[in-house]
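Remarks on the structure that follows.
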Amino acid sequence: MTHRIGVIGGDGIGPEVVAEALKVVDAAGVTYERTDYDLGAHRYLEDGTVLPDEVLEEWRGLDALLLGAVGDPAPGVAAPPGLVERGILLRMRFELDQYINFRPFRLPPRIDCEVIRENTEGTYAGEGGFLRKGTPHEIATQGSVNTRMGVERCVRFAFERARNSERHQLHLIHKKNVLTFAGDLWQRTFDEVAAEYPDVSTGYDHIDAACIHFVERPERYDVIVTDNLFGDILTDLGGAVAGGVGYAASANLNPARTGPSMFEPVHGTAPDIAGQQKANPIAAIVSAGLMLEFLGESDAASRVAAACERPERYSGSTSGIGDAVAAAVAS
Ligand code: IPM
Ligand code: MN
């Protein structure tokens, strides 16, 4: 079966790292039909395009999207803050219902964990607004939206992951001592679903404590489930402790498969090194491996994962690292 893959190189180092990721997919022997989309801050600055409705509609017919990074394209060159992040990334996650953000972290012998981040709700939902903007009596509110359906489908996904993991452990991370309404809904949902998974051992940590554990005793965690904003922050920390954000991969999954899932490295556009072949493509390559797994190409996916097992052994230029991983995957 030929997979239909949409490719968004994006800005900065995005196109460079995506090129290496696809090089590795080719080396793994997977065939696909590729459509490129020229989107990102550079495109917005060129002609005002962010994400046309027709493009979003076209994406619904794809099997997967592979994205490099969107944001500042070059030093001193920028679209309005957050415009392409919200207009492309968040719109894609919301409208294609990519409700799971899956981010694995591995650095043997102590770190082998994955974060399941809710990807369509929480503070990211955009609830809120201004009152009396620009006056001394200005008010800004920013709500957190947590639906039973949204929380439950995320928690269920996490329990399934934990059931199939080696250690069968799942931690809920929140801040239920302060965020009492949302925290209550998360904990109740978590406990109810837990009753269906007696084989999974469960725990709870506040987000601030989890940050300490991530640094001081990362072996505490197997699978983690958390809300959108806590997951955003915790996965940057995860990247930093597991060898650097240059290795951190990410999958924005629509497990119901009512639309394509999107795969992207956690890192950004790194404008200071763009176009210089200095970016580490490992995060993009591992993300492409997650894509292969989700597309049912399990054999190719395991070969990509195995080749990236000890990423620190690769060094050199962006394409040099891509070549080396491709050779390891092909052999
Ligand atoms: C991420 C990024 C995005 C997020 C930004 C770019 C909107 O930081 O994928 O983690 O906050 O989700
Ligand atoms: Mn982030």
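Test GLY61 against the stated conditions and say whether it is outside any helix (DSSP H, G or I) and away from ligand 1 (no atom under 14 Å from the Cβ). So GLY61 fits the description; yes.
Restricting region 87-121 to residues that are within 13 Å of ALA251 (Cα to Cα) and in contact with a Cys (Cβ under 9 Å, 6 or more places away or on another chain), the residue that is surrounded by the fewest Cβ atoms within 10 Å (Cβ to Cβ) is PRO104.
Among the residues of this structure, SER287 does not count as one that is small (Gly, Ala, Ser), within 16 Å of ligand 1 (Cβ to nearest atom) and touching a Lys or Arg at 6+ places or on another chain (Cβ under 6 Å). State whether the residues of region 40-54 include one that is in a strand (DSSP E or B), in contact with a Lys or Arg (Cβ under 9 Å, 6 or more places away or on another chain) and either crowded, with 19+ Cβ neighbours inside 10 Å or of a type in the set (A, V, I, L, M, F, W, C) (or both). Scanning region 40-54, I find no residue that is in a strand (DSSP E or B), in contact with a Lys or Arg (Cβ under 9 Å, 6 or more places away or on another chain) and either crowded, with 19+ Cβ neighbours inside 10 Å or of a type in the set (A, V, I, L, M, F, W, C) (or both), so the answer is no. Among the residues of region 173-192, none qualifies, meaning not one is in contact (Cβ under 8 Å) with a residue 12 or more places away in the chain and within 15 Å of the chain's Cα centre (by Cα).
For the residues LEU234, LEU295, the requirement of being closer than 18 Å to ASN101 by Cα, within 16 Å of ligand 1 (Cβ to nearest atom) and among the hydrophobic types (A, V, I, L, M, F, W, C) singles out LEU234.
The listed residues are ARG60, ARG93, and the only one of them that is within 15 Å of ligand 2 (Cβ to nearest atom), closer than 29 Å to ARG148 by Cα and either modelled with pLDDT of 95 or more or in contact with a Ser or Thr (Cβ under 8 Å, 6 or more places away or on another chain) (or both) turns out to be ARG93.
For (1) within 21 Å of the chain's Cα centre (by Cα); (2) over 10 Å from LEU66 (Cβ atoms); (3) at pLDDT 95 or above, each residue gets a yes or a no:
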site	(1), (2), (3)
THR2	no, yes, no
VAL7	yes, no, yes
ASP11	yes, yes, yes
VAL18	yes, no, yes
LEU22	yes, no, yes
ALA27	no, yes, yes
GLU33	no, yes, yes
HIS42	no, yes, yes
LEU45	no, yes, yes
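Total residues in region 266-284 satisfying the condition of being away from ligand 1 (no atom under 15 Å from the Cβ) and buried (at least 18 other Cβ atoms within 10 Å of the Cβ): the figure is 5. Can you find, within region 122-152, the residue that is nearest to LEU65 (Cα to Cα) among those that are crowded, with 19+ Cβ neighbours inside 10 Å and away from ligand 2 (no atom under 16 Å from the Cβ)? Residue satisfying both the conditions and the ranking: GLY150.
The values are calculated or read from the model by the stated rules, or taken from the named source; none is laboratory data. No experiment lies behind these values; they were computed from the predicted model shown. Positions of Cβ are backbone-derived with ideal geometry, glycine not excepted, and every protein chain shown enters the neighbour counts.
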